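Step one of this worksheet: look at the structure below.
The values are calculated or read from the model by the stated rules, or taken from the named source; none is laboratory data. The structure displayed is predicted, hence computed values, not measured ones. Glycine also receives a Cβ, built like all others from the backbone with ideal geometry; neighbour counts cover every protein chain displayed. In case anyone asks, the SASA skips ligands and DNA or RNA and just uses the protein heavy atoms, side chains included. Shrake-Rupley method; radii C 1.70, N 1.55, O 1.52, S 1.80 Å.
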Amino acid sequence: MLPRDVISTGPLILRPPAEEDVESIVKVCNDPVTARFLPALPSPYRVEDAHGFLEKAAAKWAGGGAEFVITQDGGYVGSIGVVQPDQWGVASIGYMVAPWARGRSVAATAARAVTDWLFDHGVRRVELQAAVENVASLRVAVKAGFLEEGRRRDAKRLRDGRYVDMVTFARLAGDAVAAEPYLPFFADGELCDGVVRLVPLAVEDAGDFHRMLADPTVAAYHFGPMGTLEEHERRCRYTGYWWVSGQRIELAVRDAASGAFAGHIQLAHVVPSLGQAMVGYSLVPGFRGKGFMTRAVRLLVDWAFANTALHRIVAGTDAGNAASHAVLERAGFSREGVHRGLFVKADGTRVDDVAWSVLRPT
């Protein structure tokens, strides 16, 4: 049985929910973001539903679990609950944050504090799950010291009827909490030099991305299966997860003036032990000859060296792709050599790969 405690952590106070929280709970549960990832909530969420939540919270405490509201300066900013620990000392948590308190590390601070509190009371393992598209929740898990343990494919159905993969995280008592992610998010949400904007690839970009890859002049240098529109939509939905987990960064290249989709650039094959990652890119034919991709590569490389521990960024190009060679030369890369017969073309033939790299400025 968990004690009915009040937890103080930094500027936050976590306490059992009370009647005074009803109005705020109703507002949070009617928020579109909350509703999207918590499809079991009634819609619309009414005052009587909030009173039902208070009753369930009391029953959870009585049954060995816990339910806290998160407050700051006396005001409601979110909720966090604990499912009763099982016979093996394993508990799970879930949380939501009020729209007016997002972006202030409320959930991460609360999740870390509740997890430490559970360890203090004999729980040995704490789990949580987040939808692969719920980037905010994924970031909470990482900031709170949880380690990813795998994905459950199509494990949950969202309010729009789609099934979504769930990412499973856990912390064990004694686990070290990582200081910072290897690939931090852009401070301003994008990179821009006044001509080119780099923004996270989103599902709304899937159509443009698919059409670009299908263009013969792009497809000629594409390796691997071309992919269907559905597969590209799924790829776009995963971009936030890949970034949070430090696997890669997927970006749309946009014309800064019009906002039009101009191409795609990625930082992939991240190897922290080597301090190395690979840049790859494609450009819509209509934007060629304007220096867009050179600008995009420079923006991404400069950001990477300024904000990550990467020491070396590499690129591979089809030996016959002179335009891509020129982009890399203008962006400051040096040619390193040739990997013979590395790339497999659509017809089964193989072509050489010209290898390039740029090192962190000394």
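Observations, loosely collected:
- Residue satisfying condition, being open to solvent by less than 20 Å² (accessible area, probe 1.4 Å) and within 18 Å of the chain's Cα centre (by Cα), within set LEU118, LEU138: LEU138
- Within segment 21-28, one or more residues are open to solvent by less than 70 Å² (accessible area, probe 1.4 Å) and of a type in the set (Gly, Ala, Ser).
- Applying the criterion of being open to solvent by 60 Å² or more (accessible area, probe 1.4 Å) and in contact with a strand residue (DSSP E or B) (Cβ under 8 Å, 6 or more places away or on another chain) to the residues of segment 209-234, the residue that is nearest to TYR281 (Cα to Cα) is TYR221.
- Sole residue being touching a residue at least 24 places away in the same chain (Cβ under 8 Å), among the basic types (Lys, Arg) and under 30 Å from PHE146 (Cβ atoms), chosen from ARG237, ARG295, ARG254, ARG288: ARG237
- Filter result (open to solvent by 60 Å² or more (accessible area, probe 1.4 Å), without any contact (Cβ under 8 Å) to a residue 24 or more places away in the chain and not in a loop (DSSP other than H, G, I, E, B)) within segment 35-58: GLU48, GLU55, LYS56
- Selection status of ASP73, touching a residue at least 40 places away in the same chain (Cβ under 8 Å), open to solvent by 20 Å² or more (accessible area, probe 1.4 Å) and in contact with a Pro (Cβ under 8 Å, 6 or more places away or on another chain): yes
- Test: residue in segment 267-275 that is farther than 30 Å from PHE146 by Cα, surrounded by 19 or more Cβ atoms within 10 Å (Cβ to Cβ) and not basic (Lys, Arg): no
- Qualifying residue in segment 121-134 (condition: touching a residue at least 24 places away in the same chain (Cβ under 8 Å), open to solvent by less than 30 Å² (accessible area, probe 1.4 Å), hydrophobic (A, V, I, L, M, F, W, C) and assigned to a helix (DSSP H, G or I)): no
- Filtered by the rule that a residue be farther than 21 Å from ARG288 by Cα, over 21 Å from the mean Cα position of the chain (by Cα) and either among the basic types (Lys, Arg) or in a loop (DSSP other than H, G, I, E, B) (or both), segment 215-261 gives GLY224, PRO225, MET226, GLY227, THR228.
- Pairing each residue of segment 167-180 that is among the charged types (D, E, K, R) with any residue that is surrounded by 18 or more Cβ atoms within 10 Å (Cβ to Cβ), provided the two are 6+ apart or on different chains, yields C-beta distances under 8 Å for ARG171/THR115; ARG171/ARG125; ARG171/VAL126; ARG171/ALA144; ARG171/GLY145; ARG171/PHE146; ASP175/GLY145.
- Residue check for GLY94: surrounded by fewer than 20 Cβ atoms within 10 Å (Cβ to Cβ), of a type in the set (Gly, Ala, Ser), assigned to a strand (DSSP E or B) and at pLDDT 95 or above: yes
- Wholly enclosed strands (runs of 3 or more DSSP E) of segment 283-362 bearing at least 1 residues farther than 29 Å from ASP255 by Cβ and open to solvent by 70 Å² or more (accessible area, probe 1.4 Å): 334-344, 350-359
- Which numbered condition GLY207 fails, given (1) farther than 30 Å from THR115 by Cβ; (2) in a loop (DSSP other than H, G, I, E, B): (2)
- Selection over segment 157-192 of residues that are open to solvent by less than 60 Å² (accessible area, probe 1.4 Å), modelled with pLDDT of 95 or more and more than 18 Å from the chain's Cα centre (by Cα) gives a count of 1.
- Among (1) without any contact (Cβ under 8 Å) to a residue 40 or more places away in the chain; (2) under 22 Å from LEU310 (Cα atoms) - the single one GLU231 does not satisfy: (2)
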